[in-house]
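J.: I have a structure I would like to understand better, so I am pasting it below and will then ask my questions one at a time.
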C-alpha cells in the first residue's frame, strides 16, 4: 500500500502536536510495511528531499512567493504541494491533516482520482470558541469542505468525533476514532537540572505545559494560585504565546508574582526533567482535542490535574489516574489542587494507575487502526466506479 | 480528436465583466470546428450544453474569503474538480486554455499532472489593474500571476503593448507570447500547433 501524506509540519519544522503526530504515525506505518511519502514545508534550512526512518520526505519552500496573511500563505504552500505531487511516483491513497493541507489534498484527489483520508485534529470553531470574522469563517468552510471531500475522517478522541459530526455536519459513519500514541522516549532523557534554579527547597512544583493562549486556560491556574494562597507551592509555566504579558500582569495584580515563574519554551530534556521533579502537572484547557501533554506527565510520574474537557476528559478518570476539575472554574481547580497536594495516598494511587493508562496509547495500535481505515476505504474505492479512465 | 478545455471563472449567464462576453463571441463558432469543452463557475455542479458547447459548471464550495487572492485559490479548487471530470470523461484533452489569472491555477495543476499543454489568455495583470504593486495583496497576486505565466506553454494577449509588458515585468520569454485579435479563426490557427 502506498500512502501520500501531506502535512504542513514535519520534523525538523514542528509547530505543535500535529507535526509530532505525523512523524510518529508515518515512521510506524513504514515499520509495518506501508510505503509512506510525505510532502511538507521547508523554510530552506532543511533538504528538499530526505529520508527519515524509512519515510521519504519531500519539502516545498513557500517563501519563493509573497503573502498578505497566514491563510494566503497556507494556500500558497498548498499550491506548491500540488505541483510537487505531480512529479512523485503513484500512490493508492492521500492522507492530509487539518484544513492546513486540505486544498492540496482535495486538488490531488480530483486530479488523480485517488481516495482522500483526513485527520481532523481540531476545528476552528473549537479553537476560537466561535466564528467572528471572515478569516475564521473561511477556515471553518475549508474544514467543512475537507470533511465532505474525504472518504474517511480520523479523529483522536470521541469528543472530536462529536465536534466534527456536529460543527461540520459530517456523517458519523465516516469518522473513525484513533487516539494518538505515546512514546516514553519522545521527550528524551531528563537533562541535569538544578532544582534551586526553579523553586526553593521548601516549595513543591506545580507544572503547566502548553501554549499561553486562552483555549489552554493558563489564566485559570494563576487565578487558582491566588485563591489557594499556599506559599509552599511554586508554579512553573512552560510555553509561550500571546497571553504571556497579560498573565505576567495578572500575577502582579493578584499578588502571586513571586510564586509564578514563566520559563517560556524549554528544550525537551529540560522539560522531561521538570516533569520528573513536579509534584503535580496541571492542564486547565478550555478546549483540548486530545491532550498529549497529560500522557507525557503521566509517563514521567507526575500526578495530573486536568479540566474535564475534550480528550483530557477521556484520558483521566477522576480519583483513579488523576483529578478532573470543572472546565473554566478556578475555584474547582484550586480545590482539586489542594486535595492532590494534601493527600499522599491519592497522589501515589494516581501515579500508579497512570502508568497503566499509558498502555492504552501506542503508536503501534494507532498505525494498525489507521491501516484498517485505509483498507476499508480502498475496499470501497475498488468496488466503485470513480477511478481514472486512462 | 480530444477536446480543447477552456477554463474560465465567468461565462454567460454568469457575467462579472467583459470576459464572459468575449468568450461568448469566440467560443460558439469555434466549437463548430473543433471539439470544445468549457469549465466554468456556476451555481452548482452539473453538465449541460450551452451555445453548443459541453459545459461543466462547478458550484462554489467555500463562500467566505477575506480577499480576492484567497478567493482565487478556492475558486481554482472548484475548477480543478470540474476540469478533472471533463478530462476523464473525454479520455484526455489536447489542450488546456485558461482565461485570466483567476482561473489559471487550475490550468497549471492539470497541465502538470496530466502533461497537457497549457495556454493562458492574459487580458490584464495586477500591474495594469492596480497601476503599481504597493500592497502585500498586490504582491501576492503578482506572484501567482508570474507563477502561472511561467508554467504555461503559451500566452495569448491582444496587443503588442501587453506582450512587451509581460516580457518586461513578468520575465516571460517573448517567444511564447502570441498577439491575437479576438476572432475564432485566429484562435483556430493558433491551436494548430496542438490540435490536428
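J.: Looking at B:127, B:87, can you tell me which residue is in contact with a helix residue (DSSP H, G or I) (Cβ under 8 Å, 6 or more places away or on another chain) and free of Cβ contacts under 8 Å to residues at least 60 places away in the same chain?
T.: Of B:127, B:87, the one residue that is in contact with a helix residue (DSSP H, G or I) (Cβ under 8 Å, 6 or more places away or on another chain) and free of Cβ contacts under 8 Å to residues at least 60 places away in the same chain is B:127.
J.: Could I ask something else about it? If you go through the range B:92-101 one residue at a time, do you hit one that is out of contact with any strand residue (DSSP E or B) (no Cβ under 9 Å at 6 or more places or on another chain) and either in contact (Cβ under 8 Å) with a residue 40 or more places away in the chain or within 23 Å of residue A:138 (Cα to Cα) (or both)?
T.: Yes, that holds for at least one residue.
J.: Please go through the range A:80-97 and pick out each residue that is over 22 Å from residue B:72 (Cα atoms), surrounded by fewer than 21 Cβ atoms within 10 Å (Cβ to Cβ) and within 14 Å of chain B (Cβ to nearest Cβ).
T.: Passing the criteria: A:87, A:88, A:89, A:90, A:91.
J.: While we're looking at this one, here's another question. From the list A:51, A:20, exactly one residue is under 30 Å from residue A:238 (Cβ atoms) and assigned by TED's automatic domain parsing to the domain that holds residue A:141. Which is it?
T.: A:20
J.: Follow-up question, since we're still on this one. Among the residues of the range A:27-79, which ones are within 14 Å of chain B (Cβ to nearest Cβ), part of a helix (DSSP H, G or I) and surrounded by fewer than 20 Cβ atoms within 10 Å (Cβ to Cβ)?
T.: Selection gives A:63, A:64, A:70, A:73.
J.: Just the residues that are more than 16 Å from residue B:4 (Cβ to Cβ) and either within 8 Å of chain A (Cβ to nearest Cβ) or buried (at least 18 other Cβ atoms within 10 Å of the Cβ) (or both), please, taken from the range B:51-70.
T.: B:57, B:58, B:61, B:62, B:63, B:64, B:65, B:66, B:67, B:69, B:70
J.: Looking at A:337, A:323, which one is part of a helix (DSSP H, G or I) and modelled with pLDDT of 95 or more?
T.: A:337
J.: Taking the condition surrounded by fewer than 17 Cβ atoms within 10 Å (Cβ to Cβ) and facing another protein chain (nearest Cβ under 10 Å), does residue B:89 pass?
T.: Yes.
J.: While we're looking at this one, here's another question. Out of all the residues in the range A:190-205, is one or more within 21 Å of the chain's Cα centre (by Cα) and at pLDDT 95 or above?
T.: For the range A:190-205, residues within 21 Å of the chain's Cα centre (by Cα) and at pLDDT 95 or above: absent.
J.: Which is in contact with a helix residue (DSSP H, G or I) (Cβ under 7 Å, 6 or more places away or on another chain) and in contact (Cβ under 8 Å) with a residue 12 or more places away in the chain, of A:322, A:264, A:308, A:269?
T.: Selected residue: A:322, the only one of A:322, A:264, A:308, A:269 that is in contact with a helix residue (DSSP H, G or I) (Cβ under 7 Å, 6 or more places away or on another chain) and in contact (Cβ under 8 Å) with a residue 12 or more places away in the chain.
J.: Quick check on the range B:60-81: of everything there that is in contact with a strand residue (DSSP E or B) (Cβ under 9 Å, 6 or more places away or on another chain) and touching a residue at least 60 places away in the same chain (Cβ under 8 Å), which residue is nearest to residue A:116 (Cα to Cα)?
T.: B:79
J.: Hey, another quick one. Among the residues of the range B:124-148, count how many are surrounded by 19 or more Cβ atoms within 10 Å (Cβ to Cβ) and assigned to a loop (DSSP other than H, G, I, E, B).
T.: Residues that pass the stated criteria total 1.
J.: Sticking with this one: Out of all the residues in the range B:103-124, which are without any contact (Cβ under 8 Å) to a residue 24 or more places away in the chain and within 18 Å of residue B:73 (Cα to Cα)?
T.: B:113
J.: For the range B:26-50, what are the residues that are surrounded by 13 or more Cβ atoms within 10 Å (Cβ to Cβ) and over 17 Å from residue B:4 (Cα atoms)?
T.: B:41, B:42, B:45
J.: Here's something else I'd like to know. Would you check which residues across the range B:156-196 are farther than 16 Å from residue B:4 by Cβ and part of a strand (DSSP E or B) and list them?
T.: B:157, B:177, B:179
The values are calculated or read from the model by the stated rules, or taken from the named source; none is laboratory data. Quick caveat, the model's predicted, so the values are computed rather than measured. Neighbour counts run over all protein chains shown; Cβ positions are idealised from the backbone, glycine included.
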